[in-house]
1. How many residues are over 19 Å from the mean Cα position of the chain (by Cα), under 16 Å from His166 (Cα atoms) and assigned to a loop (DSSP other than H, G, I, E, B) when one looks only at region 93-115?
2. For region 466-485, name all the residues that are at pLDDT 80 or above, surrounded by 12 or more Cβ atoms within 10 Å (Cβ to Cβ) and among the hydrophobic types (A, V, I, L, M, F, W, C).
3. In region 385-403, what residues are within 19 Å of Gln269 (Cβ to Cβ) and in contact with a Gly (Cβ under 9 Å, 6 or more places away or on another chain)?
4. What is the residue count in region 267-283 for residues that are outside any loop (DSSP other than H, G, I, E, B) and at pLDDT 95 or above?
5. Would you point out which residue out of Glu118, Glu81 is surrounded by fewer than 17 Cβ atoms within 10 Å (Cβ to Cβ), free of Cβ contacts under 8 Å to residues at least 40 places away in the same chain and under 29 Å from Lys463 (Cα atoms)?
6. Could you give me the residue pairs with C-beta distances under 6 Å whose first residue belongs to region 156-169 and is touching a residue at least 12 places away in the same chain (Cβ under 8 Å), whose second residue is in a helix (DSSP H, G or I) and crowded, with 19+ Cβ neighbours inside 10 Å wherever it lies, and which are 6+ apart or on separate chains?
7. Determine whether Leu102 is in contact with a strand residue (DSSP E or B) (Cβ under 7 Å, 6 or more places away or on another chain) and surrounded by fewer than 16 Cβ atoms within 10 Å (Cβ to Cβ).
8. So the check is Cβ under 7 Å with 6+ separation or different chains; which pairs have a first residue in region 254-280 that's on the phi > 0 side of the Ramachandran plot and a second one that's of a type outside the set (Asp, Glu)?
Amino acid sequence: MSTETGAKSPAQANFRPGLSGAAAAALFLLLFSGAIWLFFATHPRPISVLRVAAPDQERVFSTISPYGPGLERELVEEFCERYGYRLQWVRTQTLKQGWDMLARGEVHVFLSTGFAPERVPPELSVMSGPAYETHLPVLLSASRRPSRHDPASLCGGNVIRQDIPHLSSVLGRTTKGEDCAPVASRLVGADVQTALRRVAADGGHTMALVENGSFLPLRPFHHRVRPAFHLDGSVDYRWYWRTDVPKLTDRLTAFFQRIQRSDHLAELQERYYGFFPEEGAYGQLWLLRNTVRTKLPLYRRFILDAAKQYDLDPLLVVAVIFQESAFNPDAVSYTGVRGLMQLTQQTANALGASDRTDPAQSIYYGTKYLRLLWDELEHLELTTWDRWAYALAAYNQGIGHIFDAMFLAKRMGKNPRSWRELKGVLPLLAEEEWHRRTIFGYSRGWEGVEYVDRIRFYYYVLKGLSFLPGFELQQLAPLRPDVGSVGLRFPGIEIELPGLTG
């Protein structure tokens, strides 16, 4: 049987099984769109805005410190600037509020206090950074209430506990074994000032349990509230962040490694908190406030004129005068320096003063001298803060001894341009083993360290009192400078009026 077929037509000969051109293009677009969707579904786009939640506290969002906008705030802003994020702050009032926002993805980073990493639910796309600060829990009471500094002092009283879960267990362990326990309540809101005001006003029947890191910046302005005793345990400061944000984990990990390896974090901690006295200096604080009310008005005009002439913060000049003479125009040091700003006769002559004991001349030429020291340090390329610390140390010790200490610091492998490092070197100038290697020789270097840190503390307190309601506000408010003038407050930082009470 024949299998031969008939001849094919031209149309039949050109036919090929498949899709039309339009159908093929549509299929390609569909597959391409699906691939794009799959890529972005598995590779989220990098964010340009970083939303950061943090407790609404003075420590984070500083309103009174002359040394910067707040340690945590400065760190976050540095991180965002380094990686090109536009920062958006979210101020939280409770720990739960911050964690809920982080869990829902409404914020990318949460600055948390006292929350242990092991408490993070495993199903959450969240991880923690390193503990960059650790503070002790501290029990606060009214200063007029005698404290036995033991757990029995908690009996029969009310304790307001800061909103940190760890503090609840610390309080429980402290009172375990006692026949009585306090009535504990949780502080509503992130700001510990509420608890401090209640402790001061409640006649000694209420105490507050807080972590010392949030209390420290407020301590000088609540002189009626004092630590009764520290409790066992510790409270860590950490950042927590979403791990599902592209590149965020790698960037934050690298950021913390860098600031710890470079000592940048330690430098910030020194600038913000390195001057606070361990015991509170309550006697000196009383004297400072009393001096502001009674003696400062006598010399305020001279201070304003001199500060304006030499472009210094008037409050910094006030801090120096208080440290030098406590505003006693007849003050005489055992070294022979005299007057409100304690000028030597040699320095007074060199500056052009005819009478260093005259209050107006002492303030004018003392301020001039301070400015000259600041200018003398310009070539060293110090940070603003370190340069002021060195200028103050030079006012006390003589600039030659500061250069000697910088020389020794470099020989010892330390950073000669860091006040944090120089604080450990200056006292060595009193030891022959070290001062014999220098140009200017022996110096009571430890006095210079104490001198600078006291002025830093007084300046911090004066800056706060110049904004806070109280008797001192009327005397200090006219001395507040423009933010851009030379001083320790960094240009461009806004100032808000907090609701603190003394």
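The values are calculated or read from the model by the stated rules, or taken from the named source; none is laboratory data. Nothing here was measured: the structure is a model prediction, and the numbers come from that model. Note that each Cβ is placed from the backbone with ideal geometry, even for glycine, and that neighbours are counted across all protein chains shown.
1. Looking only at that region, the number is 2.
2. Matches in region 466-485: Phe467, Leu468, Phe471, Leu473, Leu476, Leu479.
3. Selection gives Trp385, Trp388.
4. Residues in region 267-283 being outside any loop (DSSP other than H, G, I, E, B) and at pLDDT 95 or above: 7 in total.
5. Selected residue: Glu81, the only one of Glu118, Glu81 that is surrounded by fewer than 17 Cβ atoms within 10 Å (Cβ to Cβ), free of Cβ contacts under 8 Å to residues at least 40 places away in the same chain and under 29 Å from Lys463 (Cα atoms).
6. Listed pairs, sorted by first residue: Ile160/Ala195; Arg161/Leu167; Asp163/Leu95.
7. no
8. Partner pairs satisfying both residue conditions: Gly280/Arg219; Gly280/Arg226.
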